[in-house]
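No value in this document is a laboratory result; all are computed from the given coordinates. This is a predicted model, so every value here is computed, not measured. Quick reminder, even Gly has a Cβ in these numbers, built from the backbone with ideal geometry, and neighbours come from all protein chains shown.
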Amino acid sequence: MIKENISTLFSFFLVALAYLVIWNGCSRSNNKEKSSFRVTENKLQLTQETASGFARLALKCIHKEYPNKLDHVINNPSEVQSPRTLHPAFYGCFDWHSSVHGHWMLVHLLRLFPDLPEANEIRLALNRDFSAENIIKEVQYLGQKNRKSFERTYGWAWLLKLAEELHNWNDPDGQRWSKNLLPLTQAIVKRYLDFLPRQTYPIRRGVHANTAFGIGFALDYARAVGDEELETMLVKRSLAYYEKDKNYPALWEPNGDDFFSPCLMEADLMRRLMNPTEFRNWFHRFLPDIVNRGYKNLLEPAIVSDRSDPKLVHLDGLNLSRAWCMVGIASALPFDDPVRKILIQSAIHHAESGIVHVASGNYGGEHWLASFAVYMFSMLDQ
């Protein structure tokens with residue numbers, strides 16, 4: 001949870017982010033339409049127009065079966081099947097996890113903007129994808145031989161974020177979809193409970209397997225639904241993995257295909273676990289003397305040289321995820337901590353750099369970047 005008085009953070013954003021735009025790359029004419037964010041009551045908010053652009057990006061791909069990158073261990077010839085046959089709920093958006101967080105984004109935007117022009121289309125799509133039959137087939141897939149590591153833990157985390165979003169929504173459709181999704185949600189929770197106690201070392205890479213990200217979203221879910229067993233295990237494993245970390249080699253970031261910052265994602269997890277004093281002490285051991293060292297490579301947006309390359313475009317996602325992590329971390333630091341202002345200023349630059357490339361015209365980025373952008377703004381609005 002973002003700490004108290006978070007609204008004061010927005011004062012740093014008002015001038016810089018009020019002029020941000022996104023390219024609406026999903027219109028049939030492919031015209032680049034500008035859509036500004038609205039600033040009201042010292043807060044930054046997405047306009048309905050911008051939300052509509054994001055929604056169209058997801059609607060364009062959640063039922064787009066090809067191209068497709070399957071995470072699929074083939075046990076016998078009968079399992080050579082199409083993505084839609086294997087995953088009737090989440091077969092689009094190039095891969096399973098992107099389909100999951102594309103669906104999360106649609107639910108989130110529908111909650112924020114019930115009168116969104118795409119609202120009926122979104123509800124029809126979610127009715128179709130979240131049918132009880134489709135979800136049972138997804139669960140059955142997980143239960144088959146050689147599926148233990150399927151989407152671990154990135155896809156798991158986004159599935160629980162989707163479940164959390166539906167759980168918190170007082171809407172008849174949303175509650176029905178939440179109920180239908182429950183068997184898959186429970187299957188993922190069981191995987192967390194089984195796997196993390198056996199994972200001796202955290203995975204720190206800035207891509208899908210990143211342990212801190214996987215735990216962070218799962219912890220949000222556990223607290224939202226009151227799952228004390230899951231929460232207890234996640235907190236215990238987080239402390240075992242990260243509590244003693246210090247002098248993180250931030251100069252090594254970013255890697256060439258990161259969409260997460262390993263150090264910022266870890267810190268964004270730890271601020272969820274500690275009181276303000278504990279977190280401040282931990283953070284300054286973890287990234288000491290950030291004011292004087294500068295950490296230019298960490299605090300300045302990553303450069304994306306080719307957005308048609310599906311790996312290099314990861315760095316656009318890195319800029320967006322860095323921004324949400326920096327806001328979360330800053331909110332947990334005292335107001336007089338000089339690092340707080342540095343992180344907020346850096347978040348501005350990262351948000352500026354990432355948001356304008358959400359719709360680049362290249363499917364390698366368009367099938368997933370909008371979800372990162374919407375999650376970033378969900379953090380700003382807390």
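Of Cys263, Asn210, Gly226, whose Cα points farthest to the positive end of the dipole of region 203-293 (charges on the beta-carbon: +1 Lys, Arg; -1 Asp, Glu; origin at the Cα centre)?
Going by the charge dipole, the pick is Cys263.
Could you work out [θ]222 nm for the chain from helices alone, using -39500 (n - 2.57) per DSSP H run of at least four and dividing by all its residues? Round to the nearest 500 deg cm²/dmol.
-17000 deg cm²/dmol
What residue among Val327, Val73, Val235 has the largest mean-square fluctuation in a Gaussian network model of the chain, using Cα springs under 10 Å?
Of the options given, Val73 has the highest mean-square fluctuation.
From the P(r) of region 285-382, can you give the percent of Cα pairs sitting at distances over 17 Å?
When every Cα pair of region 285-382 is considered, 51 percent fall beyond 17 Å.
Please quote Rg/Rh for region 247-333 to two decimal places, taking the Kirkwood radius as Rh and restricting both calculations to Cα atoms.
Using Cα coordinates only, the ratio equals 1.00.
What does the convex hull of the Cα atoms of region 46-90 come to per residue, in Å³, rounded to a whole number?
Hull volume normalised by residue count: 83 Å³.
How long are the semi-axes of the equivalent ellipsoid of region 168-232, defined as square roots of 5 times the Cα gyration tensor eigenvalues? Whole Å, largest first.
Output for region 168-232: semi-axes of 25, 13, 11 Å.
Might you report the magnitude of the Cβ-based charge dipole of the chain about its Cα centre, with Lys and Arg at +1 and Asp and Glu at -1, to the nearest 20 debye?
Charge dipole, the chain, about its Cα centre: 500 debye, nearest 20.
If you count, for each residue, the other Cβ atoms within 10 Å and average over each peptide, how do 283-294, 139-150, 158-169, 124-135 line up from highest to lowest?
Highest-to-lowest ranking by the protection proxy: 158-169, 124-135, 283-294, 139-150.
List the pairs from Lys145/Lys190; Lys190/Lys236; Lys244/Lys296; Lys60/Lys161 whose alpha-carbon separation is above 19 Å, in the order I gave them.
Violating the 19 Å limit, Cα to Cα: Lys244/Lys296; Lys60/Lys161.
With every atom except the alpha carbons ignored, what do you get for Rg and Dmax of region 202-309, in angstroms?
Just the Cα atoms of region 202-309 yield Rg and Dmax of 15.1, 45 Å.
Grab every C-alpha pair in region 276-316, bin the distances at 10 angstrom width from 0 up to the longest one, and report whole percents.
25, 30, 25, 19, 2
Expressed as a fraction of 2.2 N^0.38 Å, the rule-of-thumb size for a compact globular protein of N residues, what is the C-alpha radius of gyration of region 56-182?
Working it through for region 56-182, the quotient is 1.04.
Percentage of Cα-Cα pair distances in the chain greater than 29 Å, rounded to whole percent?
Cα-Cα pairs in the chain separated by more than 29 Å: 40 percent.
Would you list the P(r) distribution for region 125-258, with all Cα-Cα distances sorted into 10 Å bins from 0 and each bin expressed as a whole %?
11, 39, 32, 14, 4
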